[in-house]
Amino acid sequence: MEKNIIFKFTEKNFANPNQMQALTLAYIGDSIYDIMSREYVMKNHLGKINDLHKTVSTIVSARAQASFMENILNNSILTEQEEKIYNRAKNQKNNSKAKNASIMEYKLATGLEAVFGYLYLEKNFERLEEMFNYIIRLYEEKQ
């Protein structure tokens, strides 16, 4: 018998994203953060594709994400639930290594990605936008 495969973009596909493994949240969060960064760069930084890619890399690199996450933590931007997700991801053993970042930067970046994954799977787009816009303000201040 054929299964009905249903995917909904604006409705939850998972009952309890907060109970998912932290690295699974980071896995999807990496993509969400990346696509938001790409769209932001396409909208605000005209140029050739190679130039756009280089600009996106300054937002999505583990080192950049770690810097943004440190600021978020220092300014108590995360909700209690987001902080729990962040800590779980940061502290979970991961066999992957960042190419151009320290272990601590990689852990901070993984935590940020897990928060983005959690917010996306919760379909909390308003909070996702709020978090991303906070990061973009930090990014623009450095430019």
Going by accessible area, probe 1.4 Å, with all protein chains left in place, what is the ranking of 10, 79, largest first?
10, 79
Among 85, 125, 95, whose Cα projects farthest towards the positive end of the dipole of the stretch 55-143, with charges put on the beta-carbon of Lys, Arg (+1) and Asp, Glu (-1)?
95
Please give me the summed charge of the neighbours of residue 94: other residues whose Cβ is under 15 Å from its Cβ, Lys and Arg +1, Asp and Glu -1.
+3
Expressed in square angstrom to the nearest 10, the accessible area of residue 60 with a 1.4 Å probe stands at 40 Å²
Just grab the label-to-label distance for residue 46 and residue 99, each label 7 Å out from Cα along the Cβ direction, in nm (one decimal).
3.0 nm
I'd like to know which of 29, 57, 14 lies farthest towards the positive end of the charge dipole of the stretch 11-100, counting +1 on Cβ of Lys and Arg and -1 on Cβ of Asp and Glu.
57
Can you give me the long-range amide H partners of residue 77? Hydrogens built in the peptide plane at 1.01 Å from N, cutoff under 5 Å, separation of 5 or more residues or another chain.
none
How much of residue 42 can a 1.4 Å solvent probe reach, expressed as accessible area in Å² and rounded to 10?
130 Å²
What accessible area, in Å² to the nearest ten, does a 1.4 Å probe give for residue 77?
50 Å²
Of 12/54; 43/99; 12/84; 54/142; 43/142; 12/107, which ones are farther than 22 Å apart at the Cα?
12/54; 43/99; 12/107
Only helical DSSP H runs with n ≥ 4 go in: add -39500 (n - 2.57) per run for the chain, normalise by residue count and round the 222 nm mean residue ellipticity to 500 deg cm²/dmol.
-22500 deg cm²/dmol
Per the C-alpha gyration tensor (a ≥ b ≥ c, the square roots of its eigenvalues), the stretch 71-129 is rounded if a/c is under 1.5, else prolate if a/b beats b/c, else oblate; here it's prolate
Give the ranking of 53, 45 by solvent-accessible surface, highest area first, calculated with a 1.4 Å probe.
53, 45
Rounded to whole Hz and in sequence order, give me ³J(HN,Hα) for the stretch 4-21 from the Karplus expression 6.51 cos²θ - 1.76 cosθ + 1.60, θ = phi - 60°, writing x for Gly and Pro.
8, 9, 10, 10, 10, 6, 9, 10, 5, 9, 10, 5, 9, x, 5, 9, 6, 4
About its Cα centre, what dipole magnitude does the chain give when the only charges are +1 on Lys and Arg Cβ and -1 on Asp and Glu Cβ, stated in debye to the nearest 20?
480 debye
For 34, 51, write out the residues from largest to smallest accessible area, computed with a 1.4 angstrom probe and no ligands counted.
51, 34
With a ≥ b ≥ c from the Cα gyration tensor eigenvalues, square-rooted, and the rule rounded for a/c under 1.5, otherwise prolate when a/b > b/c and oblate otherwise, the stretch 1-139 is oblate
Between residue 133 and residue 81, what length in nm is gained on full extension when 0.36 nm per residue of separation is reduced by their alpha carbon distance?
16.8 nm
For the stretch 61-143, what is the charge dipole size about the Cα centre, in debye to the nearest 20, if Lys and Arg each add +1 at the Cβ and Asp and Glu each add -1 at the Cβ?
520 debye
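The values are calculated or read from the model by the stated rules, or taken from the named source; none is laboratory data. Everything quoted here is computed from the prediction, not taken from an experiment. Cβ atoms come from the backbone with ideal geometry, glycine included; neighbour counts cover every protein chain shown. Side chains are part of the model used for accessible areas, which takes the heavy atoms of the whole protein and leaves out ligands, DNA and RNA. Shrake-Rupley method; radii C 1.70, N 1.55, O 1.52, S 1.80 Å.
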